[in-house]
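Please read the structure below before turning to the comments.
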Amino acid sequence: MSFPHADPKRYEGLRSHVERHLGPVTHGQSSQRPDGRNRGFALGFHTHPRQRMVSAVTTGVRFQQVDASLPQEFVVSAVPEHEDEAGYLAHVIASEAIERQRGYAYGGGYVNAEPLIPGTGIAFLLAAPHPFADEEFDLYHDDRSEPALRFVTLLPCTLGEFEFVREHDDEPAALYDVWESRETDILDLYRASAV
């Protein structure tokens with residue numbers, strides 16, 4: 001199911017929902033491309049008030065022809081000094097979803113043959129619930145308490161971590177265990193691979 005004619009009134013509380021969980025929006029990027037065309041979504045950058053974390057959050061994907069069980073928006077979180085990179089990764093995933101007209105399910109993701117950001121090992125974006133937000137963040141309910149939108153967080157991973165997930169029957173929980181045991185800072189986009 002795609003949602004190009006979703007009712008904007010269902011999302012009037014969306015910004016406050018995101019700010020409650022990820023912190024206030026500090027600035028944004030327009031939906032306008034340098035060539036003047038509209039890319040179909042904008043980006044808002046949220047700085048968490050207690051954690052050392054900035055999140056790039058798409059807005060507008062929910063109105064595009066994207067097949068998913070609910071309208072989707074995408075989130076990439078990182079340490080504050082990697083804000084530009086987080087914004088780029090959110091742009092990559094949203095553009096890909098719009099182009100292929102299909103959203104992302106938790107446990108799936110986007111893999112690239114080479115690192116998505118030069119100087120990093122990040123080549124896989126794993127779709128998941130947000131690891132640092134309260135559980136109710138991921139599913140936004142409208143003013144009638146009906147599910148209206150799903151936030152899909154993309155966890156930046158290395159190719160080695162992608163292969164590790166594949167070797168474990170595409171089950172991300174095995175990777176989460178490794179991250180936890182090695183105290184991996186998954187917000188550091190320039191980190192070494194955990195496997």
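Filter region 59-87 down to the residues that are part of a strand (DSSP E or B) and not aliphatic (A, V, I, L, M), then identify the one that is farthest from the chain's Cα centre (by Cα).
Checking each candidate, the answer is Asp67.
Within region 164-195, work out how many residues are open to solvent by 80 Å² or more (accessible area, probe 1.4 Å), in contact (Cβ under 8 Å) with a residue 12 or more places away in the chain and farther than 22 Å from Gln51 by Cα.
Residues that pass the stated criteria total 2.
Looking only at region 135-172, which residues are hydrophobic (A, V, I, L, M, F, W, C), under 17 Å from Gly108 (Cβ atoms) and either in contact with a Leu (Cβ under 7 Å, 6 or more places away or on another chain) or at pLDDT below 90 (or both)?
Answer for region 135-172, where residues must be hydrophobic (A, V, I, L, M, F, W, C), under 17 Å from Gly108 (Cβ atoms) and either in contact with a Leu (Cβ under 7 Å, 6 or more places away or on another chain) or at pLDDT below 90 (or both): Leu154, Leu155, Cys157, Phe164, Val165.
Are there any pairs with C-beta distances below 6 angstrom linking a residue in region 65-91 that is in contact (Cβ under 8 Å) with a residue 60 or more places away in the chain and under 13 Å from Gln29 (Cα atoms) to a residue that is surrounded by 23 or more Cβ atoms within 10 Å (Cβ to Cβ) and β-branched (Val, Ile, Thr), with the two at least 6 apart or on different chains, and if so which?
Ala86/Val76; Ala90/Thr58; Ala90/Val76
Report the residue count in region 110-142 for those that are among the polar types (S, T, N, Q) and crowded, with 20+ Cβ neighbours inside 10 Å.
Result for region 110-142: 0.
Regarding region 81-89, can at least one residue be identified that is open to solvent by 10 Å² or more (accessible area, probe 1.4 Å), aromatic (Phe, Trp, Tyr) and over 17 Å from Thr153 (Cβ atoms)?
no
For Lys9, all conditions in the list (1) within 14 Å of Arg62 (Cβ to Cβ); (2) surrounded by 15 or more Cβ atoms within 10 Å (Cβ to Cβ) hold save one; what is the number of the exception?
For Lys9, the failing item is (2).
The values are calculated or read from the model by the stated rules, or taken from the named source; none is laboratory data. The structure presented is a predicted model; accordingly, all values stated were derived computationally and were not measured. FYI the Cβ positions are ideal-geometry reconstructions off the backbone, even for glycines, and counts take in every protein chain you see. Heavy atoms of the whole protein, side chains included, go into the accessibility calculation; ligands, DNA and RNA do not. Shrake-Rupley method; radii C 1.70, N 1.55, O 1.52, S 1.80 Å.
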